[in-house]
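Input: a single structure, listed below in structure tokens.
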Amino acid sequence: MKNICLGLSIIALCFMSCKSDSEMTFKESPLLTKKDFKPPVAKKVPFEMTIHGDTRVDPYYWMKLSDDQKLAENSDQQTKEVVDYLNAENDYLDKMLGHTKTFQEDLYNEIVGRIKQTDMSVPYKQNGYHYITRYEEGNEYPIYSRKKGSLDSEEEIMLDVNVLAKPYDYYNVGGRSVSENNEILAYGEDTMSRRIYTVRFKNLETGQMLPDIIENTSGGIVWANDNETVFYARKDASLRPYQIFKHKLGTDSAEDELIYEENDETFVSFVYKSKSKKYIIIGSYATVSTEYSFIDADDPDGDLQLFQKRERDLEYGIAHYDDNWFIRTNKDGAKNFKLMSCPINKCSKENWKDVVGHRDDVLFEGMDIFRDYLVLSERKDGITQIRVKPWDGDEHLIEFPEDAYLTYTSTNPEFDTDILRLGYTSLTTPNSTYDYSMVDRTFNLLKQQEVVGEFSPDDYASERVWVEARDGVKVPMSIVFKKGFNKDGSRPVLLYGYGSYGSSMDPYFSSVRLSLLDRGFGFAIAHIRGGEELGRKWYEDGKMLNKKNTFTDFIDCGKYLVENKYAAENKLFAMGGSAGGLLIGAVINMEPELWAGAIAAVPFVDVVTTMLDESIPLTTGEYDEWGNPNEKEYYHYIKSYSPYDNVERKDYPSLLITTGYHDSQVQYWEPAKWIAKMRDLKTNDKPLLMYCNMEAGHGGASGRFRRYKETALEYAFLMDLAGVSN
């Protein structure tokens, strides 16, 4: 994943603390000279695991706790030992970075000082109401409201999350949904940061909460058209959404009817409503296969109808329009996906007909359907683009002024409109929301993210380069810096990467990042294999038995930055989170001398152990991402790059790890074990530090501003290593 009243004095402090580029000086890092504080030492309890004839000894396996153990009283000895160890890591970090405390506070104030305190989203219209998300100065959480008919109407506050969050250290609202008659709001709340939501209902006319409460859900619900029936997903013990239930308002949720159950543990289930509001759609997906069924939204007690049964390597997604279904699919070898359609009552694949054919050089990512238009979201040469295709008439691409950017269709719930709501951003352009006329091909800027203070995009420059990887493949990399950045091999550069799940890392603007750029840093994004920037093949070439391409691409991008004088040889830094944390762990094992320092956020680093444990969330559903280590070939390949399994006696770069005690995606014990093993084996004095948020999970702290405390910590760590002190 708080709001301190900052005012003009802190905003002034922000800009006083940012030196001009020509004044940059880099000093010796105090962090690298600290020898007085001793890191915590984790006990060793050898635990043997043998698979495929290979015996692995894990001395820190004891750190793994079940959820029941974590929630037990501290009298449980193992729980107490784990908590004590994590607290000792936090204490050590506080001591090692104690000299940066004031700097961290300045950075935090600077970061939040750029954010407009009292702010409001661009309203969107749905079913006769304009919906708004807004923030008030002094508060951490959003206020969700709406206005009937006109924006000049009286505001109706649906949820003030600041009030709801008061009793909790962590609080998050997810899955807000209003009934078709506009009377009842359903929403999910998570108070543990485990992404397990309790659904509650509020009467928007009276302001009263309904007695209906549904626990252990994915957070979202879908309304049938009768305004009293809702559908939702429940999770199993591994937090996999696997059951779809139907609930009638006014009844006990224990009596809810099971509509669908996904028994294949590699699949995850979900439910949504078609934009046409005619169908409730239930889906199941695995990495390489999908399956959908649907129910008439006017007849929620009717039969569930299968769309197209699942087949391995057949992926598809569906949208309804008029008398047809539209299908995004990889059928017939369409690796980059194509668009097909079928009659409303003939859904199996033999009835699918091409609407937009497959293109080798264009990845078809998604669609928005309107009465008179079909809008396609695409990606070519790593850059997003939007194609407008009238049902009758000539199609066109929406044109944008920059070479590298991110554009996307935003909230477009209305069917009968010629206006497309879209977003646009680049490394130097703050996020902007437009209404685009699909008739006139004109833009109406509704809002651009305001950066408080003396910010001008003209002060910054970005570049897009192509790096030749060691196997000859060209890898795109985006770079941004403040103008005046000298490419003379003296500057610090932070290289960021992810490279998994086909998730593309696009060149987007970050006001937070300005705190690095204004102090002489360059920032680069390596668009490495494992993402989907250059199409589906780009993803497939960075997964399963090709996973190591992700790591070598990142290393080669880092070397490019040094060889081409963007970065000093001793000031190149690396950062990634979650699966990007696996990336960081792998590259510092493979070429530790390349990096002056690294940050691994909530890192997935104990890959073998996790992928062998089917009780851990995400494991079974990701065999087609990493491989199933129960199979010998995949076991040995995963083991050959798993960061935890490849820690050796060598000099490691300075490292900061962040994690959350309640993380449901990457359990805290992975980074905790990793740092303990590195400390035991490393052969130099570079600091290895870990911060464990004892209240949060995978997304970090809740709220609008508190998360930036951790960002300030990360930036202070990097800048201290680079010799920047203010």
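Each reported figure results from applying straightforward, stated rules to the coordinates on display, with no laboratory input. Everything numeric in this text was worked out from a predicted model, so none of it was measured. Cβ coordinates were reconstructed from backbone atoms using ideal geometry, including for glycine residues, and neighbour counts include every protein chain displayed.
Sort 464, 649, 470 so the one with the fewest other Cβ atoms within 10 Å of its own Cβ comes first. Walk me through the numbers on the way to the answer.
On the way: 464 18, 649 8, 470 11.
Listing 464, 649, 470 from fewest to most nearby Cβ atoms yields 649, 470, 464.
Quick check: the distance between the Cα centres of the stretch 180-230 and the stretch 609-632, to the nearest angstrom?
33
Beta carbons within 10 angstrom, averaged per residue: use that to sort the peptides 491-501, 224-234, 679-689, highest first. Provide the component values of the computation, followed by the final result.
Working: 491-501: 25.0, 224-234: 21.6, 679-689: 16.2.
Ranked by mean Cβ neighbours within 10 Å, highest first: 491-501, 224-234, 679-689.
Compute for the stretch 381-537: radius of gyration divided by Kirkwood radius, i.e. Rg/Rh, restricted to C-alpha atoms, rounded to two decimals.
Using Cα coordinates only, the ratio equals 1.01.
Charges only on Cβ, +1 for Lys and Arg, -1 for Asp and Glu: so what's the dipole of the stretch 367-449 about the Cα centre, in debye to the nearest 20?
Details: 8 positive and 15 negative charges, 60 e Å.
Around 280 debye, computed over the stretch 367-449.
Suppose every K and R has +1 on its Cβ and every D and E has -1 on its Cβ; what is the size of the dipole of the chain about the Cα centre, in Debye to the nearest 20?
Values: 86 positive and 118 negative charges, 395 e Å.
Roughly 1900 debye, rounded to the nearest 20.
Can you tell me which of 180-193, 529-542 comes out highest on packing, and rank the rest after it, using the mean Cβ neighbours within 10 Å? Numbers along the way, then the final one.
Values: 180-193: 19.6, 529-542: 22.6.
Packing proxy ranking, top to bottom: 529-542, 180-193.
Go ahead and estimate [θ] at 222 nm for the chain from helices alone: -39,500 (n - 2.57) per DSSP H run with n ≥ 4, summed, over the residue count, rounded to 500. Write down the numbers at each step before the final one.
On the way: 14 runs with 138 residues, N = 726.
Rounded to the nearest 500, the figure is -5500 deg cm²/dmol.
For the stretch 367-449, what's the radius of gyration and Dmax over Cα atoms, in angstrom?
12.3, 37
Counting other beta carbons within 10 Å of each Cβ, put 554, 326, 604, 47 in order, fewest first.
On the way: 554 33, 326 19, 604 29, 47 14.
Placing the least packed residue first, the sequence is 47, 326, 604, 554.
Counting other beta carbons within 10 Å of each residue's own, what order do 143, 419 fall into, fewest first?
Numbers: 143 19, 419 15.
Fewest to most other Cβ atoms nearby, the residues stand as 419, 143.
Counting only other residues whose beta carbon sits under 11 Å from that of residue 301, what net charge do I get with K and R as +1, D and E as -1? Walk me through the intermediate numbers first.
Working: positive: 246, 248; negative: 226, 257, 296, 298, 299, 303.
Net charge in that neighbourhood comes out at -4.
Which of the peptides 274-287, 310-323 is most tightly packed, and how do the rest follow, judged by the mean count of other Cβ atoms within 10 Å per residue? Please report the intermediate quantities before stating the final value.
Details: 274-287: 20.1, 310-323: 16.1.
The densest-packed peptide leads the list: 274-287, 310-323.
If you plug each phi of the stretch 647-659 into the Karplus form 6.51 cos²θ - 1.76 cosθ + 1.60 with θ = phi - 60°, what whole-Hz ³J(HN,Hα) values come out, in order, with x for Gly and Pro?
Calculated HN-Hα couplings, in order: 5, 9, 6, 7, 7, 9, x, 4, 9, 10, 10, 10, 7 Hz.
Expressed as a fraction of 2.2 N^0.38 Å, the rule-of-thumb size for a compact globular protein of N residues, what is the C-alpha radius of gyration of the chain?
Working: Rg = 25.8 Å, N = 726, 2.2 N^0.38 = 26.9 Å.
The reported ratio for this selection is 0.96.
How high is the FRET efficiency from residue 615 to residue 591, r the C-beta distance, R0 25 Å, rounded to 0.05? Before the final figure, lay out each step's value.
On the way: r = 35 Å, r/R0 = 1.38.
E between residue 615 and residue 591, to the nearest 0.05, is 0.15.
Over the stretch 367-449, what is the relative contact order in whole percent, taking alpha-carbon pairs under 8 Å and six or more residues apart? Numbers along the way, then the final one.
Values: 161 pairs, mean separation 16.8, N = 83.
Answer for the stretch 367-449 is 20 percent.
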